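Participant: Sharing a structure, written as C-alpha cells. Questions coming.
The values are calculated or read from the model by the stated rules, or taken from the named source; none is laboratory data. These numbers were taken from a predicted model, which means no experiment stands behind them. Cβ coordinates were reconstructed from backbone atoms using ideal geometry, including for glycine residues, and neighbour counts include every protein chain displayed. Side chains included, ligands, DNA and RNA excluded: accessible areas come from the protein's heavy atoms. Shrake-Rupley method; radii C 1.70, N 1.55, O 1.52, S 1.80 Å.
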Amino acid sequence: LLQITAELKRVLKPTGVMFWVHGDCYSGSGKGYGFTDPKYSTAKDVRNTIKPSKFKTNIPHKSLVLQNFRLAMRMVDEQKWILRDIIPWAKKVWIEKDNKTVGNAMPTSSKDRCAFAWEPVFMFVKSKKYFFDQEALRVPYTQPINRWGGEILKAKGKSGWDETTGQQTYRDRNLRPNALGANRPNVWQVNTEPLDMPHFAPFPSALVRDMIKVACPKWICKKCGEPQERIYERLKLNGEEKPISGKFVNAGNLSHSPGAREKYYTTVRRFRIPKAMQIAFAKWLKSYIRGKERILDDVFGRTKWEHWIRTDSSGACLPEPEDYKRLKKLLNLPSDWDKWLLETVYTLVDDKGGSYKPYGWSNYCLCGSKEWQPGVVLDPFLGSGTTALVAIKMGRRFIGIEISPKYCEMAFERIKPYLHKTLDQFA
C-alpha cells in the first residue's frame, strides 16, 4: 500500500485532497485454514489458497491490528503526507435520548465487545493550501445562536455554553457564527447501500458524494488546472446606533476606525471579489489608461491610481465606488465591471462572523484564462464503480483503477447508461 500511496501523492495536484477509507481487522489465532476465493478455486485446491502462516505477527490474538493507523503513520513519517483530518464514518449510531439506533451496519456475533459500526476516513493533502469548499457541507444549527442582526440569528447576548470550562475569553463576548449554517462536524453518519450485483462491500453513494462535493472543484482552468474561485455576497445585516462619546465626539470623518464612526453600520461594496477577478480588473483598466496617465495624476495622484493597475500574488487594489465613478467619466469606460465595483449594501462596519454568503463563481482564473473543464476524481480501487457513477452524475471527470476484470465489467455496466450524456446534463 505504501507503494500505491507514493504514486497517488505523485499524481495528486498540489491543491488536491485524498480521502482514504480503510477499515481494520482483528488478529486471528493462526489456526484457521486460510482464505479461498470461491470464483477461482475450491477448498481442495490449495494452490489458490492463502495459508494463515503467511500472516503471522506479534500482535496478540483478538486484538485490533490497527493496520489503517499504522499505514497512516508511515505515510506521514516517510512520505510526508499531511494528515488533515480523520472522519469517523458511522454506519450505525445509538441515540440515547430516543433510545433507538439509526443506520444499518453489519451485525456481529461477538459476545465480548460492541458491534463495530464505523470506519475511519483519513483526509490527506500534499500541501498546506488545497481546495476545500466548506460552504458545500454546512449544516443547520440545532439551537438558537446569539448574534447581531439578521432575521435568522437576531438575538444579542453573552455566551453561556462554556460557563464550567474556565474559558473566560469566550464568556463575555457575543458569538458570531455563520448565518448559513455550522461547519459540518467530522463524524459522518452514512448508511450502507444494497447493490444487486455480486460485490461484498459497495461504497454508499452519499459518502462519495460528500467527498467529491467538498474536495473536487466542479470547474478547473483548462490552461493551468487551478480550481475556479468562489464569489461571495455580503449579508445585509441590521445594526444599532452607537452613541458618540469620549475622544470620538469631534472625530467626524477624519478617521476610518470603527470606533470613530457615529454608527455601527455603514455602506460597503456588496461583493467580495476573488483574487482572479481583481487581477482581471487591473489588466482591463490598464488597457484604458495608456496615454492618459497625466490626467489621472492630476485627479487622483500617481501613487493612488497606480495601485489599481498593479498586480501580484495577493491580488490587486480596487478603487472605491466613488473613485470608480470618476474613472468611468474620465476614461469613458464601458460598464463591464459596474456590478462588481458599484453595488453596495448597508451593513455592520465591525462584523466579524459570517458576513458573506456564496453568490457564484469567477469567470476568470489567476493565469488570465476564461476556459474551464470539469475537475477530476481518481479512485485507485474502483470496485463496483460507485465513485465513477457518482462523479459523472455530479459533472466531474473520473479515472478508475481496478485489478479485478470482473469488477471492471461490473463498474462499466453501472456507468454505461450515463456515458452518452454530456457533462452539462449533469449540472
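Participant: Given the whole protein assembly as supplied and a 1.4 Å probe, what does the accessible area of E320 come to in Å², nearest 10?
Facilitator: Looks like 110 Å² after rounding.
Participant: Another one. Testing the spin-label approximation: label points 7 Å from Cα along Cα→Cβ at L1 and V76. State their distance in nm.
Facilitator: 1.5
Participant: Is there a pair in K222/K283; K325/K370; K283/K339; K126/K393; K286/K328 whose C-alpha atoms are over 22 Å apart, and which pairs would that be?
Facilitator: K325/K370; K126/K393
Participant: Any idea of T108's accessible area? Nearest 10 Å², probe 1.4 Å.
Facilitator: The accessible area of T108 comes to roughly 60 Å².
Participant: While we're on this one: What number comes out for the charge environment of K218, summing +1 per Lys or Arg and -1 per Asp or Glu over other residues with Cβ under 10 Å away?
Facilitator: Local charge sum for K218: +1.
Participant: Summing +1 for each Lys or Arg and -1 for each Asp or Glu, what net charge is found among the other residues whose Cβ lies under 11 Å from the Cβ of L341?
Facilitator: Spelling it out: positives minus negatives among the neighbours equals -1.
Participant: Here is a further query. In square angstrom, rounded to the nearest 10, how much accessible surface does M394 have for a 1.4 Å probe?
Facilitator: Surface open to solvent at M394 totals about 30 Å².
Participant: Let me ask something else. Taking the Cβ of S369 as the centre, find all other residues whose Cβ is under 15 Å away and add up their charges (Lys, Arg: +1; Asp, Glu: -1).
Facilitator: The answer is +2.
Participant: A further question follows. Given a 1.4 Å probe and heavy atoms of the protein chains only, how would you sort H307, H61, largest accessible area at the top?
Facilitator: H61, H307
Participant: Ranked by accessible surface with a 1.4 Å probe, highest first, in what order do C114, C216 come?
Facilitator: C114, C216
Participant: Can you tell me how much longer the chain between I95 and T344 gets when fully stretched, taken as 0.36 nm per residue apart minus their C-alpha distance, in nm with one decimal?
Facilitator: My answer for the length gained is 85.0 nm.
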